[in-house]
Amino acid sequence: MSDPFDLEDIPFDAAPVARPGAPPAAEPAYLTPLNEAQREAVLATEGPVLVLAGAGTGKTRVLVARLTHILNLKLAQPWEILSVTFTNKAAREMSGRVADLIGGAVEGLWLGTFHSIGVRILRRHAELIGLKSNFTIIDTDDQVRVLKQVLRGANIDEKRWPARILAANINRWKDRGIGPEQAAREDAGEFAGGRTADLYAVYQERLKIQNATDFGDLLMHCLTLFTRHPDVLSEYRRRFRYILVDEYQDTNVAQYLWLRLLAQDGHNICCVGDDDQSIYGWRGAEVANILRFEKDFPGAKVVRLERNYRSTPHILAVASKLIAHNEDRLGKTLWTDADPGEPVTVRGVWDGEEEARVIAEEIEHLHHRSHRLDEIAILVRAGYQTREFEDRFLTVGLPYRVIGGLRFYERREIRDALAYLKVIAQPDDGIAFERIINVPKRGLGEVTLQAMHKLARTSGISLVRAGQELIATDELRAQARRSLADLLESFARWRARADDLSLPELVETVLDESGYTEMWQRDKAIEAPGRLENLRELVNSVDEYESLASFLEHIGLVMDNDNAPDGDMINVMTLHAAKGLEFDTVFLPGWEENLFPNQRSLDEGGTTALEEERRLAHVGITRARKAVHISFAANRRTFADWQNNLPSRFIDELPAEHVEVRSDAGPYAASGFSDSKAADFEPRPWDSPGRRRLREHRAITRDGQVIEARAESVDWDTETSAGFSVGDRVFHQKFGYGRIAALDGRRLEITFDKAGTKKVIDSFVLPA
């Protein structure tokens, strides 16, 4: 929404219009529904204020009421208020709610995202940074295209140093408020032999020549404008008498610097956020920004919103106890006076397939009791986890939607891999062949495809057959002929080996020998590791099928299952995508070490990453209104290999009195908790005098039936393997029969007859 007047028509040094007078006689309606802490946050209108708004504590209500209060008391005119949100949707919602309370639209309010407000400022002062006011804002695709031109101009091989990797590097610098000059003084890294900063400078010059900016420039140019032209900064400081910022914990360095410049000199800045919900460090967010608010703004008032209006006491107790293990936090404890509700459940299962089956059965049970499916969410740590749930829901006929991403078999890397498999199974599948003929790049472009299509049409043959005939002629360039011949030879080889290899081995072989896996391994884009995880999950998934034909038939049915985007459906999404949402019932699968907390994140970020992973767990738990179900699998497939898993350390941090353990995986399910809690969680009796307990060993089939069981008394204090010795013959549910080769506490090294040598926990084996 634009100002009612141009900036030039409103002197920045003019006295404010209609400053506060006597307060209204009756309490305004917008204050009536507020609790004590919310009211304190709204009424604290002078000086810096930090509102720590826990999950479900009415953050938006406070923001709207505060903005309404400032306008109602005429502490500032609308155009003297800057209100910053993180999404356009949040800005629209806030504007609408304020209008409802005020009784009409608010003209002139500076309300929007960081970038939309940045554009508004730059349009007015573009000439001061070397642009015209009608500059264009390029999208990601255009950014990559310009960077390709920059690489060509610098004689840098774009195949070796992809433009999108350069774009990611530049964008990271811009998120941190670093321009080309500062970048030149930093570690340049390995890209293009350390020339990234030089390429950054050339890129910025090209944008300026074309009167264009990219998304990151919208704040970077504002920083340049404010630091190089203090008179302009001074004008905006005088204009914005009040600054309100939503989701402050998600600000990056550039946004933080932008706000600091505007809010210096004792401004009335109010930042609302939750340090316990800062989960976007991987895209530049700095939780430190909210943690140092009191240092940045001495004398700041801190208001904690702790009364939760969403979840039950059990859920809040679990979330609060878990997040209390983080050290880098300002501290607050969520509470509610609602009925206790159900305890949070923790369930251990044998593997990922069993996890999907158990959760689907629980959802069916809830649905039969009139629980709406769209009030149920499955929140996963990694995108590839959705595959087993999608397959299970399709099998039992439960409708679902994947929010914030594509369904598993619709993802680019999966469709590419399926295209390879389709051509192996059906050589005449020209659509599949065309999809991957040049993926990864092998010099088979449009010219080659046009020649193949022309021959296929005129001769009435398939695209693959046309390719076979063309490689025997001189129609194509020599390099294209060689590449096409190699590809067709590879398909013939894979087709010949299809009967000799297991289906997982075949898929793995195709992905490796085609160069497809290597393509994503070399890709440095932020989404590349996730694509590799999805490919590994595809390899895992095919093991359930007797043949390639049966697997592809299943895929055909899956892809034909075109669920409508609306309606009563289960919500499936990642934990990151769930922030800001809420559901009656939430399932949190995959709480295992390496998966959650994510080992790759821990390797890259250490303790800082661990705390963000814990915040992610806190976010997942607090999405639920009535019920939370946490689960972990004792075994999970990783690239066609089985891996034993330890329960997530987060499970051990949950408060025993608010958790109920439901174990499908034997005693190991409870062993995720520390010894001090084990007595509370173990569903079977303990022998108190010697701290000895009755442990049940079970082997469970895929339909959940116990096929063998034995019980023995185990001394928990000794932490030694329960009655096993080197040389013992044992049975494992997944690996079959084997013999113990070595003992290490409760870990056994077993040489299995068919699966080779594996390390497993003693709870998962039976004497043979």
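The values are calculated or read from the model by the stated rules, or taken from the named source; none is laboratory data. Everything quoted here is computed from the prediction, not taken from an experiment. Methodologically, a virtual Cβ is constructed for each residue, glycine included, from the backbone with ideal geometry; neighbour enumeration extends over all protein chains shown. With ligands, DNA and RNA removed, areas are computed over all heavy atoms of the protein, side chains included. Shrake-Rupley method; radii C 1.70, N 1.55, O 1.52, S 1.80 Å.
Here are the numbers for the structure shown:
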read-out	value
With every protein chain in place, the chain: carbon and sulfur % of accessible area (1.4 Å)	48
Viscosity 0.692 mPa s, temperature 37 °C, Stokes-Einstein D of the stretch 562-651 from Kirkwood C-alpha radius, µm²/s	226
Dipole of the chain, positive end: most advanced residue of Val542, Gly443, Ala577 [Cβ charges, Cα centre]	Gly443
Long pairs among Lys74/Lys132; Lys132/Lys159; Lys89/Lys148; Lys74/Lys301; Lys332/Lys579; Lys59/Lys89, criterion Cα-Cα beyond 27 Å	Lys74/Lys132; Lys132/Lys159; Lys89/Lys148
Furthest towards positive pole of dipole, Ala617, Ala254, Asn88, structure part the chain, Cβ charges	Ala254
Correct option for mean projected area of the Cα convex hull in nm² [calculated from the coordinates] among [x] 39.7; [y] 30.7; [z] 36.8	[x]
Å² per residue, accessible surface of the stretch 272-428 at 1.4 Å	39
Stretchable slack from Asp486 to Glu660, in nm (0.36 nm times residue separation minus alpha-carbon distance)	56.8 nm
Per residue convex hull volume, Cα atoms of the stretch 231-309, in Å³	101
The stretch 104-258 - accessible surface per residue (Å², probe 1.4 Å)	44
Contour excess over end-to-end distance, with Cα ends at Gln521 and Arg729 and 0.36 nm allotted per residue	70.8 nm
Normalised alpha carbon radius of gyration of the stretch 478-602 [divisor 2.2 N^0.38 Å]	1.39
CD proxy at 222 nm, helix term only [per DSSP H run n ≥ 4: -39500 (n - 2.57); per residue of the chain; nearest 500]	-12500 deg cm²/dmol
Dipole moment magnitude, nearest 20 debye, the chain about Cα centre, only Lys, Arg, Asp, Glu C-beta charged	1380
Pairs of Cα atoms farther than 16 Å apart, the stretch 46-97, %	47
